[in-house]
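Have a look at the structure below before the remarks.
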């Protein structure tokens with residue numbers, strides 16, 4: 001079998017109807033820097049956004065989505081440094097006037113905040129837990145609880161599932177499986 005060159009998913013782009021509002025919203029929530037912006041053509045603008053000084057862009061917002069069209073985004077996911085990071089985004093998003101819909105979940109292997117931006121694109125902010133459990137796995141998460149309480153609740157849910165194991169074990173097995181597929 002021929003070895004494929006290495007790749008990594010690097011950036012995502014979305015089409016929007018209200019360009020200025022959506023660029024401002026994502027900059028306000030996540031702190032994106034505009035690395036470049038311009039026009040695709042005479043009628044459509046584009047902004048290249050980044051959180052990484054080594055990457056020209058990790059997120060692109062382009063004008064051109066038709067008014068009233070449904071989002072085709074399943075989710076745009078951002079990894080936080082830990083449970084405290086997800087909690088901080090929950091506090092930020094729950095206070096954001098333009099965000100009217102959000103939910104918090106534990107997937108056993110992650111703690112997640114989901115919110116829908118004003119154009120109905122689902123956005124996730126998540127952090128890994130120490131455990132793996134077969135997916136899909138989803139339970140409500142209450143950020144009024146302490147970090148210790150969330151950790152204990154998640155561990156209890158995970159350990160009740162026969163597929164649970166340490167996330168590091170799952171990662172090691174996945175690395176072996178990927179190496180075997182090369």
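Scanning the stretch 31-43 for residues that are surrounded by fewer than 12 Cβ atoms within 10 Å (Cβ to Cβ) and either within 16 Å of the chain's Cα centre (by Cα) or outside any loop (DSSP other than H, G, I, E, B) (or both) yields 31, 38, 39.
Residue-wise test of (1) at pLDDT below 95; (2) surrounded by fewer than 16 Cβ atoms within 10 Å (Cβ to Cβ); (3) within 30 Å of residue 147 (Cβ to Cβ).
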{"site": "2", "(1), (2), (3)": "yes, yes, no"}
{"site": "18", "(1), (2), (3)": "no, yes, no"}
{"site": "25", "(1), (2), (3)": "no, no, yes"}
{"site": "29", "(1), (2), (3)": "no, no, yes"}
{"site": "45", "(1), (2), (3)": "no, no, no"}
{"site": "95", "(1), (2), (3)": "yes, yes, yes"}
{"site": "105", "(1), (2), (3)": "no, no, yes"}
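In the stretch 54-67, the residue that is surrounded by the most Cβ atoms within 10 Å (Cβ to Cβ) out of those that are in contact (Cβ under 8 Å) with a residue 12 or more places away in the chain and out of contact with any strand residue (DSSP E or B) (no Cβ under 7 Å at 6 or more places or on another chain) is 55. Evaluation of residue 133 against the conditions (1) touching a residue at least 24 places away in the same chain (Cβ under 8 Å); (2) out of contact with any helix residue (DSSP H, G or I) (no Cβ under 6 Å at 6 or more places or on another chain); (3) under 24 Å from residue 163 (Cα atoms) shows that the sole unmet condition is (2). With respect to the conditions (1) assigned to a strand (DSSP E or B); (2) over 15 Å from residue 26 (Cβ atoms); (3) in the same structural domain as residue 18 (by TED's automatic domain parsing), residue 53 falls short on a single one, namely (1). Summed over the stretch 124-158, the residues that are part of a helix (DSSP H, G or I) and either within 14 Å of residue 110 (Cβ to Cβ) or in contact with a strand residue (DSSP E or B) (Cβ under 8 Å, 6 or more places away or on another chain) (or both) give a count of 7.
The values are calculated or read from the model by the stated rules, or taken from the named source; none is laboratory data. Quick caveat: nothing in here was measured; it's all calculated off a predicted structure. Here Cβ is always computed from backbone atoms with ideal geometry, including for glycine, and neighbour counts include all displayed protein chains.
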